[in-house]
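The values are calculated or read from the model by the stated rules, or taken from the named source; none is laboratory data. As the structure is a computational prediction, the values presented were derived from the model and not from experiment. Cβ sites come from the backbone with ideal geometry, for glycine too, and all protein chains shown count toward neighbours.
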Amino acid sequence: MFNKNEGVNTMQVLTPRPQPGGDGHRATSRRSRLSRLSRLSALSVCVSAALLLAACGGGGDGAPSGTPAGDTLGYTPLFSADTPMNEQIQYRQPDGTLVTMMGSRPTERHARERGEAWDAPDAGPGRYLTFPTFYFQNRTFGLEIHDHVPAGISRVDVYLRVNQGIFDGTTFSLFRNILNPEVRDYGWSLNYGFNNPKEGGLPICREAQPKEDCMMSFDSNWRTDPHSPLKIGDKVELAPAPRLKRDPVVDGGGSRYYSFEQLYVVGVGMRPWYGIAPNLDSEPLPEETLLGGQASISYNYSEEPMRVFQQMANNIGIVNTQRFVEGRRLFHTSFLDGKHSEHDADNPVFTAHIGQLGPRYNQPRCIECHTNNGRSVAAGIGAKLDTMSMLTNGADGKADPTYGYNVQQHAQDPTATPFDVTLQALDKTVRTLPDGERVELVKPVFAFKGPTPAQFSARQAPQVIGMGLIEALAETTILAQADPNDANGDGVRGIPNWIVDPETGKTHLGRFGWKASKASLRHQVGDALIKDMGVTSPTFPTRGCQRGAPDCRSASATSVTEGELQRLTHYLSLIGVPAQRSLRSGFPDGIRVSPEHDVDPPLIARGAALFNQVRCVACHTATMQTGNTHPFAELRNQTIHPYSDLLLHDMGPNLADSLREANAAPNLWRTAPLWGVGSLRFVQGGDQNVRLLHDGRARSMLEAILWHGGEADSSRTQFEALPKADRDAVVAFLQSL
């Protein structure tokens, strides 16, 4: 569903002049020049919004031509400077006490259990990253941690806060027991609970109760023998195990769970972790591995790399955890029969959404297009492309008279005209590199069962990780990297896409989609709902929006309510980014290393240096800093490594399609973020199922690189000239992201 569509054509080419309320930080990039912002009024990428056509582009040899039509208009920052936070996740009290909110959800097993004993044959994945039945109600909670060590007192108070329902018998384990060499899968030094004096000393904790009712304290470091006073920097592994009140069971679901095993660093807060010797002891991940900043996901030792794209940001707050799971439920709900994609016989049917699927659609659930929150299903010859989007326009650039703005390939009416789009063939060519290596490249050929549209473009669904962090970037951070006239003469430009919000009419900077044609997650979600499922929302309230109807906003009631639209955007905002897998983990000698952690750090470091040397970073910007205006505190002021500038670049004629989208001509594409690209082989179910680039033509990292043209010609040529061992090192680096 998400982010593959480029949407109802609401784009406009406007020269940027920010309205009050912006905020931002410079990007760490060779081309980050804030002085360029004053020259962006000369941006040579224009076209009249009324024409909905773009004359931008050209190759890497000439600047895009054209001048803006009409008056220069200003853009509106996505978030104003006074945007309030949804939830405060960390603060200091006047005496120096550090207060941290740690959100948590139920899990089925432990973090280091991978389906069998460590020294036994591989028996399959663990169940640490799964979502148990009924996960979205009565089961999220959090710990409010009051760390007095910065105030000079060796004590930490922990309060259990329940989001919904009643917990009875929750246990709390702390400090991984590194003093016992037999502790492997799990084992802690301190095991405690939360006894409530208002409940006769019983371990009963309720939602909305005063936090002091359920608390525990510890005043020494249990990782040392004898115990020592707590000091800043001490590591405390936290492993709560929630238990619901069972008489009667609150909602028919389970009552006993485990939860995430998180690392708290005294005086610092929650930190993503990886396992070091002995026995995968918890250790904070180095900052350079945190692709999503503190929203990054810890290394996984339950051998579930296929689920790493589905996890909450590591720094998520307590209330925001409930927002996350409620949005996830919608993402997994069928708008045909209301069933959840997981445990459909046990999870309750979401009756409010039965029968809301449009008469035409591609899939009934968001998750159907995003395999495990990853990409579209890899299609074979003759297969229907119904987990991808086939965007369409007529010859005049408006909605195609048959399909609208995209082909909806399924119909609820069995007698409806079939609109199948299939992979007809692969055009094959062979690229011979300077050292003689031959690489086969393939380009998909599509067949339409209905009329072939005048303009069309196939778009695979990308992974949905880190979207909130991208939304949290200040406009100035992104615009600082733009070089529309190639002022530095390196052949690399980069231009922004200016988007008119379909609800407010305000102009925002485009961030999402293969052509940066959506400015916000709300816009993207609403666009995908209407186009992929025919489901209306406050963003696009009638199905006529999919066909460009002039009265598309006339409806008063929609399938997805305002609150549910917010839940979906909240969920997508709070999905974390897996940390870079560039470090060896501390598996004991003789124990099988999990495949995702079988890495070569020196090779990865060499590949990273070569990636920079051949100037891939000219577009794939390594480091940015998010702003401080996003509603989610988890996303504010984070140093992130998306490996994208989020700008449009000319990628040459070989990657161009036939569809024009406002100022994004067929050869202009947004730099795709590279974070998570190395996990695709696990998420998609194997290397053979991974597809890269907008239409999924590239079957490997190497193929994707060799398709780069236009502004990327120089970098690609330098890469091709590298010795094979160096090319392999670059690929190893990319596979670590």
Number of the exception - residue 562 against (1) within 30 Å of residue 495 (Cβ to Cβ); (2) touching a Pro at 6+ places or on another chain (Cβ under 7 Å): (1)
Meets criteria (more than 30 Å from residue 724 (Cβ to Cβ) and part of a helix (DSSP H, G or I)) for residue 634: yes
The lone exception for residue 700 - which of (1) more than 29 Å from residue 293 (Cα to Cα); (2) surrounded by fewer than 22 Cβ atoms within 10 Å (Cβ to Cβ); (3) of a type in the set (S, T, N, Q) it fails: (1)
Flag if residue 84 is loosely packed, with under 13 Cβ neighbours inside 10 Å and either of a type outside the set (Phe, Trp, Tyr) or modelled with pLDDT under 95 (or both): yes
Meets criteria (buried (at least 18 other Cβ atoms within 10 Å of the Cβ) and either modelled with pLDDT under 95 or farther than 19 Å from residue 648 by Cβ (or both)) for residue 706: yes
Selection from the stretch 563-582 of residues that are touching a helix residue (DSSP H, G or I) at 6+ places or on another chain (Cβ under 7 Å) and part of a helix (DSSP H, G or I): 564, 565, 567, 568, 569, 570, 571, 572, 573
Restricting the stretch 154-185 to residues that are touching a Ser or Thr at 6+ places or on another chain (Cβ under 8 Å) and part of a loop (DSSP other than H, G, I, E, B), the residue that is nearest to residue 321 (Cα to Cα): 163
Given (1) among the aromatic types (Phe, Trp, Tyr); (2) farther than 25 Å from residue 715 by Cβ; (3) touching an Asp or Glu at 6+ places or on another chain (Cβ under 7 Å), number of the condition residue 514 does not satisfy: (2)
Flag for residue 376 being at pLDDT 95 or above and farther than 24 Å from residue 564 by Cβ: yes
Exclusive hit being closer than 30 Å to residue 120 by Cα and part of a loop (DSSP other than H, G, I, E, B), set 560, 535, 593: 593
Search result, residues across the stretch 201-215 that are touching a strand residue (DSSP E or B) at 6+ places or on another chain (Cβ under 6 Å) and farther than 16 Å from residue 241 by Cα: 207, 211, 213
Residue among 672, 656, 605 that alone is of a type in the set (Gly, Ala, Ser), at negative phi and part of a helix (DSSP H, G or I): 605
Criterion (buried (at least 16 other Cβ atoms within 10 Å of the Cβ), touching a residue at least 60 places away in the same chain (Cβ under 8 Å) and more than 22 Å from residue 137 (Cβ to Cβ)) met by exactly one of 161, 223, 155: 155
Candidate set: the stretch 441-470, residues that are closer than 21 Å to residue 370 by Cα and of a type in the set (S, T, N, Q); chosen: the one nearest to the chain's Cα centre (by Cα): 463
Residues satisfying the stated conditions in the stretch 393-430, i.e. over 24 Å from residue 459 (Cα atoms) and among the charged types (D, E, K, R): 413
Residue within the stretch 579-596 that is surrounded by 15 or more Cβ atoms within 10 Å (Cβ to Cβ) and closer than 27 Å to residue 323 by Cα present: yes
Residue list for the stretch 390-411, filter: of a type outside the set (Gly, Ala, Ser), in a strand (DSSP E or B) and farther than 20 Å from residue 666 by Cβ: 410
Selection count where residues are out of contact with any His (no Cβ under 7 Å at 6 or more places or on another chain), part of a helix (DSSP H, G or I), buried (at least 24 other Cβ atoms within 10 Å of the Cβ) and not hydrophobic (A, V, I, L, M, F, W, C), scope the stretch 476-522: 0
Considering residues of the stretch 87-117 that are at pLDDT below 95 and surrounded by fewer than 20 Cβ atoms within 10 Å (Cβ to Cβ) only, the residue nearest to residue 499 (Cα to Cα): 115
Exclusive hit being on the phi > 0 side of the Ramachandran plot and not hydroxyl-bearing (Ser, Thr, Tyr), set 208, 277, 239: 208
The lone exception for residue 699 - which of (1) under 29 Å from residue 380 (Cα atoms); (2) in contact with a helix residue (DSSP H, G or I) (Cβ under 6 Å, 6 or more places away or on another chain) it fails: (2)
Condition check for residue 265: surrounded by fewer than 24 Cβ atoms within 10 Å (Cβ to Cβ), of a type in the set (A, V, I, L, M, F, W, C), touching a strand residue (DSSP E or B) at 6+ places or on another chain (Cβ under 6 Å) and closer than 19 Å to residue 103 by Cα: yes
Out of 265, 308, 319, 349, sole residue that is touching an Asp or Glu at 6+ places or on another chain (Cβ under 8 Å), within 29 Å of residue 593 (Cβ to Cβ) and among the β-branched types (Val, Ile, Thr): 265
